[in-house]
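K.L.:
Here it is, the structure, as structure tokens.
The values are calculated or read from the model by the stated rules, or taken from the named source; none is laboratory data. The structure displayed is predicted, hence computed values, not measured ones. Quick reminder, even Gly has a Cβ in these numbers, built from the backbone with ideal geometry, and neighbours come from all protein chains shown. Ligands, DNA and RNA are stripped out before the accessible areas are found, and what is left, the full protein with its side chains, is counted by its heavy atoms. Shrake-Rupley method; radii C 1.70, N 1.55, O 1.52, S 1.80 Å.
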Amino acid sequence: MTLAETPNQTNSSNPFLRLKYEPALESLGNDYYDEVAAAEFPQHILRWRNDAVLPRLGLNPQTVTDEDFINAFGKFQERKPLLALRYHGYQFGEYNSALGDGRGFLYGQVRGIDGELYDFGTKGSGRTPYSRGGDGMLTLKGGVREVLAAEALHYLGVRTSRCLSTIETGLSLWRGDEPSPTRSSVMVRMSSSHIRFGTFERSHYLRRPDLTQKLLDHVIEHYYRHLNTETEKYSLFYAELVKRVAQLVAQWMAAGFCHGVLNTDNMSITGESFDYGPYAFIPTYDPYFTAAYFDYYRRYCYSHQPGICKLNLEMLQEPLKAIIDRGDMEHGLASFDEYYRAEYRSLMLKKLGFEQLLVPELDELFPLTLEFLQDSQVGYHQFFYEMARTFSIQWRDDPAFVLHSSDIVPATGSSAIFDNWCILYHKILNNFAPEQMEIIAQTLKRYNPKTALLRPVIESVWEPIAQSDNWQPFYELINQIQSVN
């Protein structure tokens with residue numbers, strides 16, 4: 001019996017332990033990972049369980065207990081091997097060969113009911129060979145922030161990993177960037193893959209094109225299955241990755257999201273967003289807004305994200321050139337800007353209420369909106385929410401009615417840009433029939449939720465946790481994020 005055919009051996013009643021785990025990455029061999037052991041924690045308090053993702057695994061949330069979560073993802077019962085993945089990466093433009101999973105491991109891989117392969121990966125589960133002197137732990141605040149980021153992005157339409165659980169562990173951690181000692185947690189992330197650009201960069205650094213070839217075949221087999229039978233599957237893979245990444249960064253930009261640390265080890269080979277550290281949502285439209293306090297030169301600021309992602313794709317060509325023709329990859333990368341612009345325009349126009357993109361004036365509305373937002377510095381999320389909240393069919397009658405009952409008007413004062421924007425929006429509405437106004441109203445509500453995950457909002461739910469162990473504001477915020485308008 002081959003490794004891939006080995007069945008699960010467990011008599012456990014725990015639904016997580018009875019899932020059919022597939023040794024997909026494990027079957028590649030230990031050139032790509034190290035087997036590790038999970039840390040043992042003095043305490044296990046389940047703080048977050050994501051019942052919303054359980055049906056995707058074929059699990060009924062009502063049949064999964066809190067103890068099931070704790071035993072599987074806090075005590076790590078009956079799951080072996082646990083794999084710390086090896087990778088390198090360009091960090092702030094400098095190559096770092098001392099990377100790898102330093103505080104996490106691949107817990108297991110399962111097939112969802114949609115037929116797709118999903119990874120369970122930990123964060124804060126203890127030291128590994130790549131901890132580089134660190135304790136391998138995750139602060140409780142870091143766990144809370146990642147849960148919030150993943151859920152907020154998911155419900156904003158961003159292709160993102162999700163947090164499956166967060167468990168407080170009872171350990172006290174010392175951190176220089178926040179009050180210490182601070183509480184600790186262990187988190188399990190559910191993602192499409194934990195293979196990174198940096199996984200390929202490591203094979204190239206080791207001068208092992210055989211490892212690159214094996215890994216690339218694995219990626220296509222499991223994550224680009226529709227390309228398996230294509231003659232030019234390698235170049236087609238790279239072209240599709242370019243498209244996925246371009247669309248992903250457009251989703252970030254429309255959502256007003258700044259990832260903060262777009263090193264190549266934080267770039268997924270499936271084009272999915274993951275690993276949220278010093279992220280932030282922009283309060284106002286500021287192209288140079290920077291999420292990470294240590295990003296002194298604004299390398300990863302909000303407006304640089306498309307260019308950085310494109311640069312990371314370009315650097316990925318170096319390890320892939322052993323398999324894929326460089327000219328083919330250059331040809332694929334040349335479409336990045338077009339993919340990005342099309343996706344960003346489409347998403348921003350949806351935020352403005354328009355699913356249909358055929359009205360010529362929409363090409364004027366999109367840039368004028370950004371000009372107004374930057375000039376006025378009204379709240380980025382507030383502006384779009386106010387559009388959704390106050391939209392009226394009367395906006396077709398007179399430009400003066402546009403947003404007249406919102407909180408935006410007092411904030412703008414007398415603004416020629418705003419006046420021009422209202423005139424243009426009024427003109428566009430008159431390209432649509434009156435009965436289509438309800439569709440526009442629903443589109444505005446769908447793409448512009450009331451709750452914006454700004455830093456003060458995160459702090460407002462963290463403070464009760466830190467001061468009095470009051471989790472109710474956190475759960476209420478999650479419910480708001482997950483609620484459809």
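K.L.:
Just to confirm, what accessible area per residue do you get for the chain at 1.4 Å probe, in whole Å²?
P.N.:
For the chain, the solvent-accessible area averages 43 Å² per residue.
K.L.:
Cα centroid distance between region 402-480 and region 77-138, in Å?
P.N.:
Cα centroid of region 402-480 versus Cα centroid of region 77-138: 37 Å apart.
K.L.:
Cβ neighbours within 10 Å, averaged per peptide: list 246-254, 385-393, 47-55 in order, most packed at the top.
P.N.:
Top of the packing list down: 246-254, 385-393, 47-55.
K.L.:
Given R₀ = 35 Å, what would the calculated FRET efficiency be for residue 30 paired with residue 471, taking r from the Cβ atoms and rounding to 0.05?
P.N.:
Once the sixth-power term is evaluated, E becomes 0.30.
K.L.:
With label points built 7 Å along Cα→Cβ from the Cα atoms of residue 439 and residue 13, find their separation and express it in nm.
P.N.:
In this crude label model, residue 439 to residue 13 measures out at 5.3 nm.
K.L.:
Just subtract the alpha-carbon distance of residue 337 and residue 446 from 0.36 nm times their residue separation and send over the number in nm, one decimal.
P.N.:
The span from residue 337 to residue 446 would gain 36.6 nm if fully extended.
K.L.:
Net charge near residue 107, counting Lys/Arg +1 and Asp/Glu -1 over other residues with Cβ under 13 Å of its Cβ?
P.N.:
-1
K.L.:
When the accessible area of region 385-480 is computed with all protein chains present and a 1.4 Å probe, what percentage of it is carbon and sulfur?
P.N.:
50
K.L.:
Stretched out fully, how many nm does the piece from residue 294 to residue 177 gain, at 0.36 nm a residue minus the Cα gap?
P.N.:
So the extension gain works out to 41.1 nm.
K.L.:
How much FRET efficiency would the formula 1/(1 + (r/R0)^6) give for residue 210 and residue 407, where r is the Cβ-Cβ distance and R0 is 60 Å, rounded to 0.05?
P.N.:
0.50
K.L.:
Suppose only helical runs count, i.e. DSSP H with n ≥ 4. What mean residue ellipticity at 222 nm does that imply for the chain under -39500 (n - 2.57) per run, divided by all residues and rounded to the nearest 500 deg cm²/dmol?
P.N.:
-12500 deg cm²/dmol
K.L.:
Among [x] 64, 46, 44; [y] 73, 59, 43; [z] 67, 53, 43, which one is Cα extents along the principal axes in Å computed from these coordinates?
P.N.:
Recomputing Cα extents along the principal axes in Å here gives the entry labelled [y].
K.L.:
Let me ask something additional. Ignoring ligands, DNA and RNA, how do 272, 355, 26 rank by accessible area with a 1.4 Å probe, largest first?
P.N.:
Largest accessible area first, the residues go 355, 26, 272.
K.L.:
So, with a 1.4 angstrom probe, what is the percent of accessible area on region 262-361 that is carbon and sulfur?
P.N.:
52
K.L.:
Just for the chain, what percent of DSSP beta bridges are antiparallel, to the closest 5?
P.N.:
So the antiparallel bridges in the chain amount to around 95 percent.
K.L.:
Based on the Cβ-Cβ distance of residue 431 and residue 479, what FRET efficiency does E = 1/(1 + (r/R0)^6) give at R0 = 45 Å, to the nearest 0.05?
P.N.:
Efficiency, rounded to the nearest 0.05: 0.75.
K.L.:
Report the paramagnetic label zone for residue 20: residues of region 96-138 whose backbone N is under 14 Å from a point 7 Å from Cα along the Cα-to-Cβ axis.
P.N.:
Under cut-off, by backbone N: 109-118.
K.L.:
Roughly speaking, to the nearest percent, how much of region 104-185's 1.4 Å accessible area is carbon and sulfur?
P.N.:
Result for region 104-185: 51 percent of the exposed heavy-atom area is carbon or sulfur.
K.L.:
Past 26 Å, Cα to Cα, is the threshold; run 20/321; 310/445; 243/350 against it and keep the listed order.
P.N.:
Exceeds cut-off: 20/321; 310/445.
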